[in-house]
Every structure is written in structure tokens, then in C-alpha cells.
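The values are calculated or read from the model by the stated rules, or taken from the named source; none is laboratory data. Note that the coordinates shown come from a computational prediction; the quantities given were computed from them, not determined experimentally. Note that we place each Cβ from the backbone using ideal geometry, even for glycine, and neighbour counts take in every protein chain shown. Side chains are part of the model used for accessible areas, which takes the heavy atoms of the whole protein and leaves out ligands, DNA and RNA. Shrake-Rupley method; radii C 1.70, N 1.55, O 1.52, S 1.80 Å.
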Amino acid sequence: MTKQNVVPAEAVAAITAAAAVASSSPLYPYPPPRSFQKKYLSQLDFAGGRIGTWVESMKASSPTHTKAVGAIGAPVDEQSAAWIMRHPSALTKFEQIMSASKGKQIVMFLDYDGTLSPIVEDPDSAFMTDAMRAAVRNVARYFPTAIVTGRCLEKVIDFVGLTELYYAGSHGMDIKGPAKPRHTKAKAKSVLFQPAREFLPMIDGVYKTLLERTKSTAGAKVENNKFCVSVHFRCVDEKSWGALIEQVRSVMKEYPKLRLTQGRKVLEIRPTIKWDKGKALEFLLESLGFADCKDVMPVYIGDDRTDEDAFKVLRDRGQGLGILVSKFPKETNATYSLQEPTEVKDFLVRLVEWKRPTMKARSKV
């Protein structure tokens with residue numbers, strides 16, 4: 001990649017201001033759910049809460065856990081039907097979505113794990129299929145496309161293997177754009193941004209300490225994602241979750257400038273700066289030159305709690321839409337749903353098929 005300009009701090013301020021501009025959208029027939037934010041999100045930031053509270057929250061974040069599936073209290077069939085009414089399939093409503101995008105520039109934002117690749121026991125084996133890679137490559141030909149993930153930047157770039165994309169690793173704390181952007185406006189800047197760079201030595205220290213501290217917990221895997229540390233518990237027996245939380249807490253006490261958050265079968269230690277996937281989405285729109293445009297339609301597809309920050313940004317802006325990837329009902333700020341990565345691929349393929357005739361017609365003019 002050629003040398004790129006660092007986006008100035010002023011751009012970040014502009015993003016925050018742009019996020020305050022909201023307008024009504026016909027794509028949002030239901031108000032954003034609040035119970036999810038009250039019941040779970042308030043528990044995510046580490047503040048020394050009880051072990052039992054954290055374990056219950058870990059269970060709720062496990063989509064195949066029976067308590068998570070029936071968490072709302074209604075019978076599963078009724079709950080699923082009501083949930084689908086509120087968050088219909090993006091494939092079923094594809095024509096409606098495309099109709100709403102008429103005259104607008106679609107910008108695609110995609111999570112990686114659980115969205116482009118299946119959730120697997122070994123995080124290092126979360127490979128996307130060749131068909132999915134082809135679908136993402138084709139989408140990037142027609143639309144600005146970014147991967148926004150908790151993974152470290154280098155690892156997700158290696159997994160995806162497409163140089164034409166924008167990448168936001170470590171939950172948006174490590175952002176890098178292509179050397180030759182295709183879709184940016186004239187005033188858009190090349191992207192290279194690391195808002196938490198000063199935390200690197202601290203993150204490295206936490207990673208090394210957690211490697212030692214969690215050795216006694218079978219199945220626990222600690223991953224250094226450069227600007228955050230992930231402690232995966234997808235292979236840990238549920239009876240050991242309390243012990244794992246205690247081990248993580250004991251390390252966190254030594255680092256008051258870091259916070260503990262929770263994702264899908266993972267605990268994550270991050271810098272305390274106000275930065276997340278939602279901020280990364282806004283930052284990329286600013287960098288692409290679309291932040292102040294009314295004729296832009298951001299589409300964010302993700303499966304994790306950490307993606308809720310991006311879904312909420314889109315709802316607050318009244319612009320664009322979020323698509324949650326989940327087989328099970330759960331509270332979300334997303335508007336639509338898809339059940340699994342194969343449906344994500346189908347949605348991307350349909351998006352290209354919808355756009356391609358329009359581009360061919362323009363080329364003949």
C-alpha cells in the first residue's frame with residue numbers, strides 16, 4: 001500500500017456533528033428496542049460487577065443457549081414470529097430496500113466473524129468461503145465497501161484477501177483504506193487512522209498477563225487484536241465461566257484505563273476512549289466524503305453485540321439500515337435480519353445483480 005495521509009482530528013469532530021443530523025425514514029416501521037439496552041448493554045462496561053451478573057450476561061450473549069432463546073418470556077414459536085415481524089428478512093424485503101435506495105449511493109459495512117464467516121471453535125480457522133469472497137469482491141466493484149471487525153487489522157486483511165476494501169480492525173481503532181480508492185468523492189482523503197495508538201504497550205501487557213492467568217481454564221483462548229484483547233470462551237465449559245471472569249477481573253484491576261466489554265462468546269478488553277464500530281462507521285463515511293450527504297445509504301451487516309453500536313448510529317441518523325445476522329430472536333437496533341452467513345452471501349449476490357444492469361446501461365450512454 002502506498003503512503004497514505006493520516007485523517008486529521010478535525011474530521012473526527014465533524015463526524016460527531018454529522019451524526020446529530022437525523023431525518024425520518026420509511027425503513028423504520030418500529031421504534032428501536034430499549035429493553036435490550038437496559039437489560040444487557042448497561043452490564044458490558046467493566047465496573048466491578050458481581051460474578052453472577054457477568055455469567056448471566058455471558059449466557060444471554062450465547063445465541064444457542066436455551067435461556068437466551070427464551071429470554072423474553074414468550075413461547076419460542078410466538079417469540080420468533082413476533083421478532084420476524086419487527087425485523088423481517090432482508091432477502092424477503094429486498095425489493096423494498098432497493099426501492100428506498102433509489103437515487104442514493106449505497107455504502108456497505110460488513111462484520112467478519114458470524115457474518116462473512118461462520119462462528120467456529122478455533123478463531124484462527126474462521127475462513128470465509130471462495131463464494132463469499134467472490135460476492136464481497138463483486139459488491140466492492142459497485143459500492144464502497146468496508147470490513148468492520150473486532151479482529152486485528154492484519155489478520156482480517158489476511159482472511160479476506162481483497163485489497164480494494166476499507167478495513168476497520170480492533171472495533172474501528174485501526175482503520176486503513178485501499179491505496180487506490182474507487183468510489184470516494186473528490187475531497188475524500190486516503191485513510192490511515194489509529195485513535196488508540198498510545199494504548200499499544202498496555203494492551204500488549206494485558207495480553208501477556210492474561211495468557212498466564214487463564215492457563216488453568218480449559219478451552220479459554222486469548223487473542224491479541226492489537227488495540228484490544230479478546231478472551232474467547234466458546235470452548236469453555238459453562239461451569240468454568242465464573243472462574244474465567246474472576247481471572248479476567250484480577251488482571252483488569254491493574255489497568256484502570258482499560259474497560260471490559262462482551263461480545264458473542266467473547267470477553268474483550270479495550271481502551272476507555274469513546275470509540276466503537278459506530279464511530280468507525282461515521283469516520284469512514286466522513287473519509288469517503290459522504291458524511292454530509294443526504295443521498296447516501298449506509299448498510300451495515302453484523303451479528304454481534306458490538307455491531308449494535310453501528311446499528312444504533314444508523315437509527316439515530318435516520319439514514320441507512322442495519323441487518324442483524326441471527327437464527328434466534330434477540331433485541332437489536334437493526335431493522336432487518338438474515339439467519340446466517342450463507343444468507344449474507346445471497347443478499348450480496350442479489351445486490352450486485354440489481355446494480356449491474358444499471359451500470360451497463362450507463363456505460364452505453
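Couple of notes before you dig in:
- Cβ pairs under 7 Å, 6+ apart, first in the stretch 82-106 and of a type in the set (F, W, Y), second open to solvent by 30 Å² or more (accessible area, probe 1.4 Å): F94/R350
- Those helices (runs of 4 or more DSSP H) of the stretch 114-229 in which at least 1 residues are under 19 Å from T306 (Cβ atoms) and touching a helix residue (DSSP H, G or I) at 6+ places or on another chain (Cβ under 8 Å), considering only elements entirely within it, cover 153-160, 200-213.
- Helices (runs of 4 or more DSSP H) fully within the stretch 240-343 counting 1 or more residues that are small (G, A, S) and buried (at least 24 other Cβ atoms within 10 Å of the Cβ): 277-288, 308-317
- Lone unmet requirement of (1) surrounded by fewer than 20 Cβ atoms within 10 Å (Cβ to Cβ); (2) at pLDDT 90 or above for T184: (2)
- Residue match in the stretch 207-215 (condition: touching a residue at least 60 places away in the same chain (Cβ under 8 Å) and either over 23 Å from D174 (Cα atoms) or open to solvent by 10 Å² or more (accessible area, probe 1.4 Å) (or both)): no
- Among residues of the stretch 223-244 that are closer than 23 Å to I157 by Cβ, those with a Cβ under 6 angstrom from a residue that is assigned to a strand (DSSP E or B) and open to solvent by 20 Å² or more (accessible area, probe 1.4 Å), sequence gap 6+ or separate chain, pair up as H232/K221.
- Candidates F199, F127, filtered to the one that is out of contact with any Pro (no Cβ under 8 Å at 6 or more places or on another chain) and surrounded by fewer than 24 Cβ atoms within 10 Å (Cβ to Cβ): F127
- Residue-level check: of (1) within 23 Å of G289 (Cα to Cα); (2) without any contact (Cβ under 8 Å) to a residue 24 or more places away in the chain, L165 misses just (2).
- Residue check, V107 modelled with pLDDT of 95 or more, within 15 Å of the chain's Cα centre (by Cα), assigned to a strand (DSSP E or B) and among the β-branched types (V, I, T): yes
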